Amino acid sequence: MLKIYDDLVNKKANLSVIGLGYVGMPLAVAFAKHLNVIGYDLNSAKIDLYKSGIDPTKEVGDDAIKNTTIQFTTNPEDLRKAKFHIIAVPTPINQDKTPDFKPIIGSSTILGQNLTKGSVVVYESTVYPGVTEDICIPILEKESGLKCGVDFKIGYSPERINPGDKLHRLENIKKIVSGMDKDTLEAIASVYELVIKAGVHKASSIKVAEAAKVAENSQRDINIAFMNELAMAFDKMGIDTNEVVDAMNTKWNALGFRPGLVGGHCIGVDPYYFVYEAEKLGYHSQIILSGRQVNDGMGSFVADAIIKQLVLAGKVVKNAKIAILGITFKENCPDVRNSKVVDIIKRLHEYGIDPLVVDPWADAAEVEREYKIRLNTMGEIKELDCIVLAVAHKEFAELGLDKINTFFREMPNGEKVIIDIKNLCNIEELHTKGYRFWRL
Ligand SMILES: NC(=O)c1ccc[n+]([C@@H]2O[C@H](COP(=O)([O-])OP(=O)(O)OC[C@H]3O[C@@H](n4cnc5c(N)ncnc54)[C@H](O)[C@@H]3O)[C@@H](O)[C@H]2O)c1
């Protein structure tokens, strides 16, 4: 096995994490409990926050950042001090749904310029099979003047963490690792085993590891798309999808998926990486792309359901007073990237409705910058015609119907409309208390 592992644990060599976001930061914090870690990010505002002990991702918490020994830096030359590098930069898509490789190319260029002989480089960013070897290695070689396989080694280890999930954490999720040769694989596996208590799965090649990640996320996307398709059909049939799913889930081999908004930068994005590469090779995706189409249309579907319920409740749609609770792409997480709640809001705007939007997790400045949407406070929610429970943050899940009722305007003979996208309300209570409600 390469001697990098011994050098790291004996603190003769340092480990660097490049890209300190939802993925990179928890990794860096975990490794820093065992090794000397350099944490590099080109976003100086983020590095300043980390240096002052603030965790904007809320993944590890401020205390962990305050107490970590990570050496935070925006200076690429600091990467020369490390021999084991982990790259965890974003892999978004362009407007036309093709992969946007700018961060992967940018980070590989920066690392290449500061790569030293004897290093190991592991990519964690989600990509399609072939990116590590066909795109990243050539950049590292060109920028460093070093030869991959001789002067430095390469590997790939997809990240599976689930931000906001307090149960499935970095340490207890089995990690797929791969390397360009047996020695590299063994070295990478033992480094990750320092922090991954659940252990590692050694993939037979880098491409297998890359493929496993896009495949597992595409599988999830398709399963949710199937439930969304059922939800749209059942809506026309006047059947409650959740009741159907509850019944279905009593079977031993039921998959347990529910309909929902698929946002964020993973499930709603990674399938496009896979489709892009398959298309280049002449395979035209059918199932994956249709699943994407279904899931991308759910914001409009929900918005149209809101309008229908308002009309049926006898409200004047234009300027109806609506509050939307939650704008992040998932619960208990501040991440607003590619949030499908934004699609709902945009569609409501088309009907002349400007909803109040409340989210205690989201960063108001980021929401304003990214979406031109001003966040409101809970105190501003009053005199409503309709409330939309869009994200299951714990603050919203704990509200209860009595509290929700206080947000509505007095309407002695009118119907109060509740749109419960996340299935937060008790359906019997909704029935007995006479609300007009709709859920996905
Ligand atoms: N967040 C998740 O739930 C999750 C889960 C599994 C896998 N992933 C994958 O992991 C990768 C990272 O995702 P993330 O959510 O941590 O993204 P993120 O945006 O939270 O963090 C990425 C960080 O990389 C930095 N960065 C961008 N370009 C850089 C460069 N050239 N050099 C150095 N730093 C650079 C950014 O400033 C940012 O801080 C993506 O490929 C994503 O698909 C994410």
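The values are calculated or read from the model by the stated rules, or taken from the named source; none is laboratory data. Given the structure is predicted, the values throughout are model-derived calculations rather than measurements. A quick note on method: Cβ atoms are made from the backbone with ideal geometry, for glycine too, and the neighbour counts reach across all protein chains shown. Just the protein is used for accessible areas: all its heavy atoms, side chains included, with ligands, DNA and RNA removed. Shrake-Rupley method; radii C 1.70, N 1.55, O 1.52, S 1.80 Å.
The calculated FRET efficiency for His349 paired with Lys202, based on their beta-carbon distance and R0 = 56 Å, is about 0.65. Local charge for Thr132 was computed over the other residues whose Cβ lies under 10 Å away, with Lys and Arg +1 and Asp and Glu -1, and equals -2. Between Leu401 and Asp63, the modelled label-to-label distance comes to 3.8 nm, taking each label 7 Å out from Cα in the direction of the beta carbon. In this structure the amide hydrogen of Ile176, modeled in the peptide plane, comes within under 5 Å of the amide hydrogens of His201, none closer than 5 places in sequence on its chain. Of the GluC sites (Glu not before Pro) found in the stretch 403-434, the ones in coil according to DSSP and having at most 15 other Cβ atoms within 10 Å of their Cβ are Glu410. With K and R counted +1 and D and E -1, the other residues having a Cβ less than 14 Å from that of Pro76 yield a net charge of -2. By definition, a body whose alpha carbon gyration tensor gives a ≥ b ≥ c is oblate when a/c is 1.5 or more and a/b is not larger than b/c, and the stretch 315-427 fits this oblate description.
Our summary gives the chain a relative contact order of 11 percent, counting only alpha carbon pairs under 8 angstrom and 6 or more residues apart. Amide H to amide H, with H built 1.01 Å from N, Lys153 comes under 5 Å of Ser119, Val120, Val121, counting only residues 5 or more places away or on other chains. Sequence-distant contacts, meaning Cα pairs under 8 Å at least 6 residues apart, place the relative contact order of the stretch 1-78 at 29 percent. Estimated from helical segments only, the mean residue ellipticity of the chain at 222 nm is -11500 deg cm²/dmol, where each DSSP H run of four or more residues counts as -39500 (n - 2.57).
If I take every Cα pair under 8 Å that is 6 or more residues apart in the stretch 33-135, average their sequence separation and divide by the length, what percent do I get for the relative contact order?
Contact order relative to length: 26 percent.
Between the stretch 288-324 and the stretch 67-131, what's the alpha-carbon centroid distance in Å? Answer, in whole Å: 40.
For a paramagnetic label modelled at 7 Å from the Cα of Glu243 toward its Cβ, which residues of the stretch 411-440 fall within the zone defined by backbone nitrogen distances under 19 Å? The answer is 418-440, whose backbone nitrogens lie closer than 19 Å to the label point. Shape class for the stretch 92-199, computed from the alpha carbon gyration tensor (a ≥ b ≥ c): oblate, with a/c not under 1.5 and a/b at or below b/c. Summed over the residues of the chain and divided among them, the accessible surface reaches 45 Å² per residue at a probe radius of 1.4 Å. With R₀ set to 45 Å, the beta-carbon distance separating Leu255 from Lys11 gives a calculated FRET efficiency near 0.45.
Charge tally around Glu415: other residues with Cβ under 12 Å, Lys/Arg +1 each, Asp/Glu -1 each, net +4. In loop segments of the stretch 344-440 as defined by DSSP, the trypsin sites (Lys or Arg not before Pro) with at most 15 further C-beta atoms inside 10 Å of their C-beta are Lys372, Arg374, Lys382, Arg409, Lys433. Within the chain, antiparallel bridges make up roughly 5 percent of the DSSP beta bridges whose residues both belong there.
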